[in-house]
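So the structure is just underneath, and the comments pick up after that.
The values are calculated or read from the model by the stated rules, or taken from the named source; none is laboratory data. Since this is a predicted model, take the numbers as computed values, not measurements. Please note: Cβ atoms are built from the backbone with ideal geometry, for glycine as well, and neighbour counts cover all protein chains shown. Accessible surface areas use protein heavy atoms only, side chains included; no ligands, DNA or RNA. Shrake-Rupley method; radii C 1.70, N 1.55, O 1.52, S 1.80 Å.
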Amino acid sequence: MEKKQFQAESKRLLEMMINSIYTQKEIFLRELISNASDAIDKMYYKALTDDTLVFDQDSYFIKITADQANRTLTIRDTGIGMTPEDLENNLGVIAKSGSLAFKKENQSKDGYDIIGQFGVGFYSAFMVADVVTVISKAVGSDRAYKWESTGAEGYTIEPSEKESHGTEIILTIKPNTEDESYDEFLEEYRLKSIIKKYSDFIRYPIKMDVSGKRLQEGSESEFEDYTEEKIINSMVPIWRKNKNELTDADYEQFYQEKRYGFDKPLKHLHISADGAVVYQAILFIPENTPFDYYTKEYEKGLELYANGVLIMNKCADLLPDYFSFVKGMVDSESLSLNISREMLQHDRQLKLIAKNIGNKIKSQLLSLLKDDREKYELFYKSFGRQLKYGIYSDYGSHKEVLQDLIMFYSSKEKKQVTLDEYVSRMPEDQKYIYYASGESIERIDKLPQTELVTDKGYEILYFTDDIDEFAIKMIMSYKEKEFKSVSSGDLGIDLDDSQKETEEEKKDNQELFEYMTAQLQDKVTSVRASKRLKSHPVCLSTEGEVTIEMEKILSAMPNNPDVKAQKVLEVNVHHEVFESLKQAFDTDKEKLSLYTALLYSQALLIEGLPLQDPVQFTNDVCKIMV
Ligand code: ADP
Ligand code: MG
């Protein structure tokens, strides 16, 4: 018989499984039971939507059988089964997309909880078994097939015998080694506790033959051994349980079982709504940003159940984009099973649920912000950017929902603060909410433009994300305070007399600035005396809507819209350099041109803008050195 090779990627994972990268070997059972349950779900769903099939409740179950003599553990289900093609495609290949990307990113990690991240659950069987045999018969087929593998070398598929549809997975449990015992996976008591621990809420009965001793019939002292088939799990899905009965660990367990993420949930939300619309939901805010979160590949959505039956894996309509990081499920009695995707989109019930869920998530986040700042900051670090995108998108129509959830780094607090916190401590004479944009906190800290605002004792919000200024443009004002960039032409700050340019000075300098403006005519709209600089000689400010950061971001866009900021070169007239400029203006125009070019280049560098001609710049610097 021909031995087939696993796909390269699958093979690597398999090797990892065999070498047991995962310390909790017992989870293999959770994986196989979950697959069995999925297979029955599919069967159940098929029967509900196909008149030729009947679903007889009693004939759907999962059976676990341990045979200590032969060292086998069998997991049997009465689900949909697999055709030979299914066996080939589902068990020989890791089919899910994204797995490769994920592994590349995580190559350094030692495989922590890599299992099941992208449907490698089945392979976990190799952590405890030397041989894995799968005998399966697909529903509607009259032939069964056997898939068998001893590990990374490959697998075989051949015809086999099986009475009814479903799948039987037979594990030949490894012999004990010096440091590892595998016997436990054949022990009734241990198996029972693993099932209870991980698979209690599986909706189908998980049966096992359980042995015990009992009094012999008619006798009062004689005991006999007996074996009885018992259902091990309670079968109540976690979302139908009472919140008070559940612990954080239960929710975490569910999160992992459901593969919502490979991290731990930061926060869960258990909803049991019975108002205008009846539904239960368990929602999670993950702790980490999924590796593909900010890419096109990421698909938002919640699992959707209609009265306990899974009808859709990722129902996107249940979540607004700005909460796309939320994972979880919704079960509603008000939805019809046969509803099609197209109909779902227009379903009134679904819309109500979605709206309700959106509100709940928002209030959950607000209370997290209020009651557990540290956790909220963790959350914000992972998903804050998405909230800001949310404000910007759809022409700002969600800003009311989101503006209280966003935070920015504060020049004063040296940490993330909310807009509410900022506004509530504004001094009375402060008219605006000030912000400064730049690549990083360190760079903004050094921006000359912040001098006057800082000097006034005002707090500055640091915008380090591309989206920040765009989002703020949508908010426009918060609690009646408008936002103002520290680089904008008019800062709205009254200057002391000593800072003001006197009428006389103005007159004196006018010609000089006109001369410099003419020299930089296609680069800046004007050169003028700065009202914001104190110790630095020069900086750029902008007039109008477009700031320098916005210009940078827009010009980096693929079909770069040619939008330019209207730049003003501001010169500090109280700086020594200004004296040199004045002198040059009176005596040496060539020198003035050189100085003007240099100052402009310096201002560009401070902003992180590219120099048009770096070679010219270095030559100019050399000129003043000789
Ligand atoms: P996942 O369950 O995440 O898809 P697994 O590695 O656990 O990934 O399983 C791979 C695939 O093998 C499943 O998607 C399913 O198509 C198939 N499969 C596994 N076990 C069974 C089973 N007991 N019955 C039917 N199909 C199964
Ligand atoms: Mg699985």
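Listed here are the residues, each with its yes/no results for (1) open to solvent by less than 10 Å² (accessible area, probe 1.4 Å); (2) assigned by TED's automatic domain parsing to the domain that holds Leu447; (3) among the polar types (S, T, N, Q).
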| site | (1), (2), (3) |
| --- | --- |
| Asp321 | no, no, no |
| Val326 | yes, no, no |
| Ser332 | yes, no, yes |
| Lys355 | no, no, no |
| Asp371 | no, no, no |
| Ser393 | no, no, yes |
| Gln416 | no, yes, yes |
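Does at least one position in region 396-408 carry a residue that is part of a loop (DSSP other than H, G, I, E, B) and either open to solvent by 70 Å² or more (accessible area, probe 1.4 Å) or of a type in the set (Lys, Arg) (or both)? Checked region 396-408: at least one residue is part of a loop (DSSP other than H, G, I, E, B) and either open to solvent by 70 Å² or more (accessible area, probe 1.4 Å) or of a type in the set (Lys, Arg) (or both).
Thr74: modelled with pLDDT of 80 or more, crowded, with 19+ Cβ neighbours inside 10 Å and away from ligand 2 (no atom under 16 Å from the Cβ), yes or no?
no
If you go through region 451-476 and pick out every residue that is open to solvent by less than 50 Å² (accessible area, probe 1.4 Å) and touching a strand residue (DSSP E or B) at 6+ places or on another chain (Cβ under 8 Å), you end up with 11.
Within region 299-331, can you find the residues that are hydroxyl-bearing (Ser, Thr, Tyr) and at pLDDT below 95? Give the steps one after another, and end with the answer.
Here is the first cut: in region 299-331, the residues hydroxyl-bearing (Ser, Thr, Tyr) are 305, 322, 324.
Hit for region 299-331 is Tyr305, nothing else.
Ala36 meets the conditions (1) in a helix (DSSP H, G or I); (2) more than 16 Å from ligand 1 (Cβ to nearest atom) in every case but one. The failed one is (2).
Among Lys25, Lys11, Lys3, which is among the charged types (D, E, K, R), in contact with a helix residue (DSSP H, G or I) (Cβ under 9 Å, 6 or more places away or on another chain), modelled with pLDDT of 75 or more and away from ligand 2 (no atom under 16 Å from the Cβ)? First the steps, then the outcome.
Values: Lys11 fails: in contact with a helix residue (DSSP H, G or I) (Cβ under 9 Å, 6 or more places away or on another chain); Lys3 fails: in contact with a helix residue (DSSP H, G or I) (Cβ under 9 Å, 6 or more places away or on another chain).
One residue alone meets the criteria, Lys25.
Beta carbons closer than 6 Å, at least 6 apart along the sequence or on distinct chains, pair a first residue in region 599-617 that is over 16 Å from Glu439 (Cβ atoms) with a second that is open to solvent by less than 40 Å² (accessible area, probe 1.4 Å) and of a type in the set (Gly, Ala, Ser) for Leu611/Ser601; Phe617/Ser601. Identify all residues within region 541-561 that are closer than 15 Å to Ala471 by Cβ, among the aliphatic types (A, V, I, L, M) and touching a helix residue (DSSP H, G or I) at 6+ places or on another chain (Cβ under 7 Å); write none if there are none. Of everything in region 541-561, just one residue is closer than 15 Å to Ala471 by Cβ, among the aliphatic types (A, V, I, L, M) and touching a helix residue (DSSP H, G or I) at 6+ places or on another chain (Cβ under 7 Å), namely Met550. Is it the case that region 214-230 has a residue that's of a type in the set (A, V, I, L, M, F, W, C) and more than 18 Å from Met329 (Cα to Cα)? Yes, that holds for at least one residue. Got at least one residue in region 435-450 being modelled with pLDDT of 95 or more, more than 24 Å from Ile548 (Cα to Cα) and not hydrophobic (A, V, I, L, M, F, W, C)? Within region 435-450, none of the residues are modelled with pLDDT of 95 or more, more than 24 Å from Ile548 (Cα to Cα) and not hydrophobic (A, V, I, L, M, F, W, C). Within region 77-89, residues that are at pLDDT 95 or above reach partners that are basic (Lys, Arg) and more than 15 Å from ligand 2 (Cβ to nearest atom) with beta carbons closer than 6 Å, at six or more positions or on different chains, in the pairs Gly81/Lys137.
Only one of these conditions is not met by Leu53: (1) within 16 Å of ligand 2 (Cβ to nearest atom); (2) touching a residue at least 60 places away in the same chain (Cβ under 8 Å). Which number is it? Result: Leu53 fails condition (1) only. Go through region 488-526 and give me each residue that's more than 30 Å from Glu590 (Cα to Cα), surrounded by 16 or more Cβ atoms within 10 Å (Cβ to Cβ) and of a type in the set (Gly, Ala, Ser). Matches in region 488-526: Ser488 only. Taking region 121-206 as the region of interest, the strands (runs of 3 or more DSSP E) fully inside it that hold 2 or more residues being within 16 Å of ligand 2 (Cβ to nearest atom) are 129-137, 166-173. The residues of region 46-55 that are in a helix (DSSP H, G or I), more than 13 Å from ligand 1 (Cβ to nearest atom) and open to solvent by 50 Å² or more (accessible area, probe 1.4 Å), listed by number, are Leu48, Thr49. Being under 27 Å from the mean Cα position of the chain (by Cα) and part of a loop (DSSP other than H, G, I, E, B), is that true of even one residue in region 427-435? Scanning region 427-435 turns up no residue that is under 27 Å from the mean Cα position of the chain (by Cα) and part of a loop (DSSP other than H, G, I, E, B). Out of Lys534, Lys567, Lys582, Lys552, one residue alone is at pLDDT below 90 and either in contact with a strand residue (DSSP E or B) (Cβ under 9 Å, 6 or more places away or on another chain) or assigned to a helix (DSSP H, G or I) (or both). It is Lys552.
Can we say Ala69 is within 16 Å of ligand 1 (Cβ to nearest atom) and without any contact (Cβ under 8 Å) to a residue 40 or more places away in the chain? No: the conditions fail for Ala69.
Scanning region 28-50 for residues that are more than 16 Å from ligand 2 (Cβ to nearest atom) and of a type outside the set (A, V, I, L, M, F, W, C) yields Tyr44, Tyr45, Lys46, Thr49, Asp50.
From Ile194, Ile271, Ile232, which residue is in contact with a helix residue (DSSP H, G or I) (Cβ under 7 Å, 6 or more places away or on another chain), closer than 30 Å to Phe291 by Cα and surrounded by 12 or more Cβ atoms within 10 Å (Cβ to Cβ)? Steps first, please.
Details: Ile194 fails: closer than 30 Å to Phe291 by Cα; Ile232 fails: closer than 30 Å to Phe291 by Cα.
After ruling out the rest, the residue left standing is Ile271.
The set of residues in region 164-187 being of a type in the set (D, E, K, R), modelled with pLDDT of 95 or more and surrounded by fewer than 18 Cβ atoms within 10 Å (Cβ to Cβ) consists of Asp183, Glu184, Glu187.
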